[in-house]
Amino acid sequence: MDLNLRKAIISNVSGNSASDLEATIVDAIQSGEEKMLPGLGVLFELYWQKADESEKTEVLETLEQAVK
C-alpha cells in the first residue's frame, strides 16, 4: 500500500469519535465496495498497533471462527 494512501486515510478519520468510526466501518462493510478495503485495513493496522496481547488473541480467535 502506498504510504501516501495510508496517511490520507488516517487524516480523513483523525479526530473522529467512536460513533463516527463505527459508522465508517459499518458503511464500508455494507457497501461491499472493494475501494473501501484499504481504509478498513488501515483502521485494523492502527488497532493492532495499540492492542495488547490478550486483545490480539481475542481478535485472532474471532477471525479464525469467522473464516471456518
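Only residues in the stretch 21-35 that are touching a residue at least 60 places away in the same chain (Cβ under 8 Å) and part of a helix (DSSP H, G or I) count as the first member; pair them with residues that are exposed (fewer than 11 other Cβ atoms within 10 Å of the Cβ) and among the aliphatic types (A, V, I, L, M), Cβ under 7 angstrom, at least 6 apart or cross-chain, and list the lot.
Cβ pairs passing all conditions: none.
Please specify each residue of the stretch 28-68 satisfying the condition of being acidic (D, E), surrounded by 12 or more Cβ atoms within 10 Å (Cβ to Cβ) and closer than 21 Å to K7 by Cα.
Answer for the stretch 28-68, where residues must be acidic (D, E), surrounded by 12 or more Cβ atoms within 10 Å (Cβ to Cβ) and closer than 21 Å to K7 by Cα: just E45.
Could you check the stretch 6-20 and list, in sequence order, the residues that are surrounded by 13 or more Cβ atoms within 10 Å (Cβ to Cβ) and either more than 14 Å from P38 (Cα to Cα) or among the hydrophobic types (A, V, I, L, M, F, W, C) (or both)?
Hits for the stretch 6-20 are A8, I9, I10, V13.
Where a number appears in this text, it was derived from the coordinates with a stated rule and is not lab data. Fair warning: this is a prediction, and the values are worked out from it, not measured in the lab. As a convention, Cβ positions derive from the backbone with ideal geometry for all residues, glycine included, and neighbour counts pool all protein chains shown.
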